[in-house]
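The structure appears below as structure tokens.
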């Protein structure tokens with residue numbers, strides 16, 4: 001490795017743990033309570049995007065919705081946290097801890113750029129004992145623009161003190177891959193079948209297992 005510091009930036013949902021089945025269940029339940037139905041296919045198009053984007057779109061498309069997008073997001077957040085804590089089947093993706101160890105041992109620093117809230121990021125990393133690996137955590141909900149805009153990854157890189165071209169992003173969603181490439185970063189597309197029909201073709205490389213990522 002050359003003298004310039006290099007970094008890996010992880011997405012969280014679908015990359016660190018298999019979140020989408022629980023997210024989908026919680027979103028559908030909250031929307032149904034307000035008379036809104038959404039197909040699995042449509043839901044998949046919002047994977048990797050912020051709560052503001054998703055619920056804002058739902059409220060705009062369904063003017064009969066009796067509550068704001070913020071209230072929908074709040075209800076889903078409460079329900080999702082309950083599911084996350086009570087469902088013992090929720091696990092990290094296979095090999096993710098070992099991958100983090102390999103990256104750390106190779107001298108890279110590690111950041112996280114997730115569309116989830118900071119509260120959820122802290123909850124997930126704390127539950128699985130992974131927070132120690134990350135030097136920087138950035139939530140898309142704290143930024144004015146979400147994926148596929150590159151702002152979140154550029155913010156992580158800036159906080160890490162690493163040039164964008166020296167960053168490698170691991171993403172499982174089209175929006176995230178698009179954001180990484182727009183940021184001028186190397187991108188590994190992580191295929192997670194539970195993340196929906198995501199187009200990862202924009203990634204430099206696509207893997208089906210964390211074990212396939214060579215550091």
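The values are calculated or read from the model by the stated rules, or taken from the named source; none is laboratory data. Here the structure is a predicted model, which means the values were calculated and not measured. Every residue, glycine as well, gets a Cβ built from its backbone with ideal geometry; the counts of neighbours run over all protein chains shown.
Test residue 125 against the stated conditions and say whether it is within 19 Å of residue 5 (Cα to Cα), modelled with pLDDT of 95 or more and surrounded by 12 or more Cβ atoms within 10 Å (Cβ to Cβ).
When the stated conditions are applied, residue 125 does not pass them.
From 129, 107, grab the single residue that is more than 17 Å from the chain's Cα centre (by Cα) and within 28 Å of residue 74 (Cα to Cα).
One residue alone meets the criteria, 129.
For the range 34-47, state whether one or more residues are surrounded by 17 or more Cβ atoms within 10 Å (Cβ to Cβ) and at pLDDT 95 or above.
yes
Among the numbered criteria (1) over 13 Å from the mean Cα position of the chain (by Cα); (2) over 13 Å from residue 7 (Cβ atoms), which single criterion is violated by residue 164?
It is condition (2) that residue 164 fails.
For the range 145-159, name all the residues that are out of contact with any helix residue (DSSP H, G or I) (no Cβ under 9 Å at 6 or more places or on another chain) and buried (at least 23 other Cβ atoms within 10 Å of the Cβ).
Scanning the range 145-159 gives a single hit, 156.
So the check is Cβ under 9 Å with 6+ separation or different chains; which pairs have a first residue in the range 203-215 that's free of Cβ contacts under 8 Å to residues at least 24 places away in the same chain and a second one that's assigned to a loop (DSSP other than H, G, I, E, B)?
Pairs that qualify, where the first residue is free of Cβ contacts under 8 Å to residues at least 24 places away in the same chain and the partner is assigned to a loop (DSSP other than H, G, I, E, B), are 205/213; 206/191; 206/200; 207/191; 207/213; 208/191; 208/192; 212/95.
Looking at 152, 121, 170, which one is within 14 Å of the chain's Cα centre (by Cα), within 24 Å of residue 23 (Cα to Cα) and without any contact (Cβ under 8 Å) to a residue 60 or more places away in the chain?
152
Please work out which residue is nearest to residue 192 (Cα to Cα), limiting yourself to the range 64-84 and to residues that are under 20 Å from the mean Cα position of the chain (by Cα) and free of Cβ contacts under 8 Å to residues at least 12 places away in the same chain.
82
Within the group 51, 139, 68, which residue is surrounded by 12 or more Cβ atoms within 10 Å (Cβ to Cβ) and touching a strand residue (DSSP E or B) at 6+ places or on another chain (Cβ under 8 Å)?
139
Looking at (1) buried (at least 19 other Cβ atoms within 10 Å of the Cβ); (2) assigned to a helix (DSSP H, G or I); (3) modelled with pLDDT of 95 or more, can you tell me which one residue 175 breaks?
Among (1) buried (at least 19 other Cβ atoms within 10 Å of the Cβ); (2) assigned to a helix (DSSP H, G or I); (3) modelled with pLDDT of 95 or more, residue 175 violates only (3).
So in the range 179-205, with the set limited to residues that are assigned to a helix (DSSP H, G or I) and touching a strand residue (DSSP E or B) at 6+ places or on another chain (Cβ under 9 Å), which one is surrounded by the fewest Cβ atoms within 10 Å (Cβ to Cβ)?
My answer is 181.
Could you list, in sequence order, all residues of the range 178-215 that are modelled with pLDDT under 95, under 16 Å from residue 9 (Cα atoms) and in contact with a helix residue (DSSP H, G or I) (Cβ under 7 Å, 6 or more places away or on another chain)?
The answer is 215, and nothing else.
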